[in-house]
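Data block below; observations after.
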Amino acid sequence: MKKLTNAKGTEVTSHPVVSKASMLSMFFPEFKSLSETELEDAAQYFKQVVFEKNEIILMEGEKSKMLYFLTTGKVSAINYQKDGRPFISHIYQASSFFAECSLEDSPLPLPFDLISMEHSKALRIEVEDFWQLLEKHPKLYRVFMSSLAKKNLEQNQKISLLAIPDAYSRVEKALILIHQKDPLKRAIQMRHEDIGNFCYVSRETTTRMISKLIEAGAIEVDGRLITPKNSVATQ
């Protein structure tokens, strides 16, 4: 491996155990529409990079020229309150991609810091190469536009939670939204900390609100599985 000076992360220069083409197919449903030959072609545009725990990937205000596809680990998007205290506005997990604001004709400044929460790996692609890839494979263009639209909807839903003043109602609504993201699943399996990050509530408060929701019969809990009673996905 060698440390790059003009890009974030440590590039993996040795031959990976799992090929980049296989990673694209395994971790990112957007690429499942491609044939093996097309996957091999697409993989040539990517470089595998590694981020150590707590490594700053991008800082708020930066204009990235790269798009990152996370294969393992977690990356947090961190904003800061007026008093300087940080709070996690989003957590990217394996099979997600980030820094999509770089896709604008004139890249937009990043609205948060991106920091790896643990040892993480990603496939990185330059924005110009990404657009070339989409032009070469039009079916990818349609799939990615759909993915971006879903991400935008989720972000708007998260922002709407801020309009709910009390923590009880905010956590309840967050659980319903999370559940509706995958209606085929009958229950949610998430840490209280991750649920709190989704709705901008501390882990401690989230735990208290979940206890109150159980008492009120608004949710059912079986071990680590949470089922909102008012979610349309359960009806």
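The values are calculated or read from the model by the stated rules, or taken from the named source; none is laboratory data. What you are looking at is a predicted structure, and each value in this text was computed from that prediction instead of being measured. Positions of Cβ are generated from backbone atoms using ideal geometry, with glycine treated the same way; all protein chains shown enter the neighbour counts.
Report yes if I176 is over 20 Å from the mean Cα position of the chain (by Cα) and more than 30 Å from V49 (Cα to Cα), otherwise no. No: the conditions fail for I176. L177 passes every criterion in (1) within 12 Å of N230 (Cα to Cα); (2) touching a residue at least 24 places away in the same chain (Cβ under 8 Å); (3) in contact with a Phe, Trp or Tyr (Cβ under 9 Å, 6 or more places away or on another chain) apart from (2).
Quick check: anything in the range 145-168 modelled with pLDDT of 85 or more, under 17 Å from the mean Cα position of the chain (by Cα), crowded, with 17+ Cβ neighbours inside 10 Å and outside the structural domain of F97 (by TED's automatic domain parsing)? Checked the range 145-168: no residue is modelled with pLDDT of 85 or more, under 17 Å from the mean Cα position of the chain (by Cα), crowded, with 17+ Cβ neighbours inside 10 Å and outside the structural domain of F97 (by TED's automatic domain parsing). Every listed requirement among (1) over 22 Å from F46 (Cα atoms); (2) in contact with a Lys or Arg (Cβ under 7 Å, 6 or more places away or on another chain); (3) β-branched (V, I, T) is met by V127 save one, (1). Has the range 102-115 got at least one residue that is part of a strand (DSSP E or B), within 22 Å of M23 (Cβ to Cβ), among the polar types (S, T, N, Q) and not assigned by TED's automatic domain parsing to the domain that holds I178? No, the range 102-115 contains no residue that is part of a strand (DSSP E or B), within 22 Å of M23 (Cβ to Cβ), among the polar types (S, T, N, Q) and not assigned by TED's automatic domain parsing to the domain that holds I178.
Looking only at residues in the range 79-115 that are under 15 Å from I57 (Cα atoms) and touching a Phe, Trp or Tyr at 6+ places or on another chain (Cβ under 6 Å), the one that is surrounded by the fewest Cβ atoms within 10 Å (Cβ to Cβ) is N79.
To keep it simple, each residue is scored yes or no on (1) of a type in the set (A, V, I, L, M); (2) in contact (Cβ under 8 Å) with a residue 60 or more places away in the chain; (3) closer than 22 Å to Q155 by Cα.
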| site | (1), (2), (3) |
| --- | --- |
| L39 | yes, no, no |
| E52 | no, yes, no |
| E60 | no, no, yes |
| T71 | no, no, yes |
| G84 | no, no, no |
| F87 | no, yes, yes |
| S95 | no, yes, yes |
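Residue count for the range 116-128 under the criterion of being surrounded by fewer than 16 Cβ atoms within 10 Å (Cβ to Cβ) and in a helix (DSSP H, G or I): the result is 1. Only a single criterion out of (1) surrounded by fewer than 16 Cβ atoms within 10 Å (Cβ to Cβ); (2) out of contact with any Leu (no Cβ under 7 Å at 6 or more places or on another chain) is not satisfied by E60, namely (2).
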